[in-house]
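This report concerns only the one structure given below.
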Amino acid sequence: MSGFEEPSLSPSKRFILMASRLWAWVFLALMILFFIIAVPLFGGATFLSVRNSQNILVAIVPVLLLGLGQTFVIISAGIDLSVGWVMSLASVLSAHAIRASYNAGVPLFLAVVLGFLAAVGGAALVGLFNGLIIAKLKVPAFIVTLGTSFIVRGMALLFSENTTVIGLPAGIRDYGNESLFYWVRGEGGGFYVLNRPEVSGELLRQMDRILAWPVVITAIVVMLCIFLLRRTQFGRHTYAIGGSMQAALRTGIPVDTHIIKLYMLSSATAGVAGFLSTLRFTAGSAVIGDALLLSSIAAVIIGGVSLFGGAGSIIGTVIGALIIAVLTTGLVMLNVQAFWQFIVVGAVVIIAVLIDQSRDLILGRRGRGS
C-alpha cells in the first residue's frame, strides 16, 4: 500500500515496478535456501531447525520494534535518529521502576506492569519533545532527533549511574525468556502449551522453546501497527503527509498534531523494546540500543519504505528485519568474520535504495516529501 494512484504504465515498467515490490521476499527466500544448503556443508550445523528459527525471531525483536515506529515516521518523509538511545533510556527506567516497586512490596506482576508504563511513558515523552520542535518550530527532523539522541544518551547514563541497573527480582526472567509453546524431542518428551516441562539432563538439551513471550508481544504490536497504518484515518494521513505536506494542509489534515503523534509512536515502540530487553536480561542497560539504530533504519529501507515518503508498509519492515537477522545468523554459522557481515548488510541497503529510486522514477515521485 502506498497511498498513491499509479499512472498508466507500459508492460515493461509494470514488470519492473512489480519486481521492485517483491524483490525483498524473493531475496529472503533465496537467502534461506542458500543457508539451508551451505551451512551443513561448511558450518557443520543445521540452519533450518526449530531452535535456530526461534533464535532468529528473538534476535529481530528489538530491531523490528525500533523499525515499526520508524516506518510511520519515514513514510511521513521524516526520520528519527533517537530511537536507539530511547530504547536504552526505557530499559533503565523500567528496571528502576520494577526494582523500586517490588522492593516496596508490590506483587511481581504489578511491578512488571509499572515497569512497562515507566518505559513506554518515558519514551513517549521523548517523542513528544521531538514532535513539538519539529512540528511547531519547523526544525528539520534529522537535526532535532540527532540532538535528542545525545540528550537521551546522557539521561540514560545519568539515571543508571553509568552502570547496569541490577538487583531486579529473578522472577521477571520468566516474562522475558519463557515461551508460549515447548517441544521436548525424543522418548519421554512431548508438546506443551503455556507450561514449561520440568525436565533435566538430556531431555533439557532436547527442549525447544517456541514463540518466546517477547516474540508474541512483538507480533501483537506488529498487528496493531498494520491495522493503524492500513485501516485507520491515522494511516491515511501519514501517507498523505509523506506524499505532499502542502497538499495535506490544503485538504484540512492537522499536520502539526499528526507529526507530534508520529514521533510519540516512534519513541513508544522503542520504549517497548527497552522494556522487553530488561525482562530478557533481568537488568537495565544504558547502552542496549546504541548499536540498533542503523539496523532498524536498514530494515525499514530494505523492506521498501520510500526515503522520499508516502510509500511503504509494516509487512515490508518485518521482511527487512528478517533479512538482516537471517543474513547475520547464517554468516555466523558459516564462521564468517563479523566485518563481512557489516559489508554484506550495507550492500543490501544500497541495493534497496537503488530499487526505491528506480520505483520512484517510474512513478514520477521524486522529491514528493517536500
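The values are calculated or read from the model by the stated rules, or taken from the named source; none is laboratory data. These numbers come from a predicted model, not from an experiment. Ligands, DNA and RNA are excluded from the accessible area calculation, which covers all protein heavy atoms including side chains. Shrake-Rupley method; radii C 1.70, N 1.55, O 1.52, S 1.80 Å.
For the range 352-358, take each phi angle, set θ = phi - 60°, evaluate the Karplus expression 6.51 cos²θ - 1.76 cosθ + 1.60, and give the result in whole Hz per residue in order, putting x for glycine and proline.
Computed from phi, the couplings for the range 352-358 are 4, 5, 4, 5, 4, 5, 5 Hz.
Name the residue, out of Tyr175, Tyr192, Tyr239, whose mean-square fluctuation peaks in a Gaussian network model built on the chain with Cα pairs under 10 Å.
Greatest mean-square fluctuation among the candidates belongs to Tyr192.
For n ≥ 4 DSSP H runs only, could you compute -39500 (n - 2.57) per run for the chain, divide by its residues and tell me the 222 nm figure to the nearest 500?
One gets -23000 deg cm²/dmol as the mean residue ellipticity at 222 nm.
Taking a cut-off of 35 Å, what percent of all Cα-Cα pairs in the chain are separated by more than that?
28 percent
Would you mind listing how long the range 67-162 runs along its three principal axes, going by Cα atoms, in whole Å with the largest first?
46, 26, 22
By accessible area of protein heavy atoms, probe 1.4 Å, what ranking do Trp183, Trp340 get, highest first?
Trp340, Trp183
Rounded to whole Hz and in sequence order, give me ³J(HN,Hα) for the range 33-46 from the Karplus expression 6.51 cos²θ - 1.76 cosθ + 1.60, θ = phi - 60°, writing x for Gly and Pro.
So the Karplus estimates, Gly and Pro as x, are 4, 4, 6, 4, 7, 7, 4, x, 6, 10, x, x, 10, 10 Hz.
Connecting C-alpha atoms closer than 10 Å in a GNM of the chain, tell me which of Met87, Met245, Met31 has the biggest fluctuation.
Checking each option, the largest mean-square fluctuation is seen for Met31.
Say we join alpha carbon atoms closer than 10 Å with springs in a Gaussian network model of the chain; which of Val106, Val345, Val126 then has the biggest fluctuation?
Residue with maximal mean-square fluctuation among Val106, Val345, Val126: Val106.
If you average the sequence gap of Cα pairs under 8 Å that are 6 or more apart and divide by the length of the chain, what percent do you get for the contact order?
Averaging sequence separation for qualifying contacts and normalising by length gives 32 percent for the chain.
Compute the accessible area per residue over the chain, keeping the other protein chains in place, probe 1.4 Å, unit Å².
Each residue of the chain exposes 47 Å² on average to a 1.4 Å probe.
Just report the Cα centroid separation between the range 340-357 and the range 278-292, whole Å.
So the two Cα centres are separated by 27 Å.
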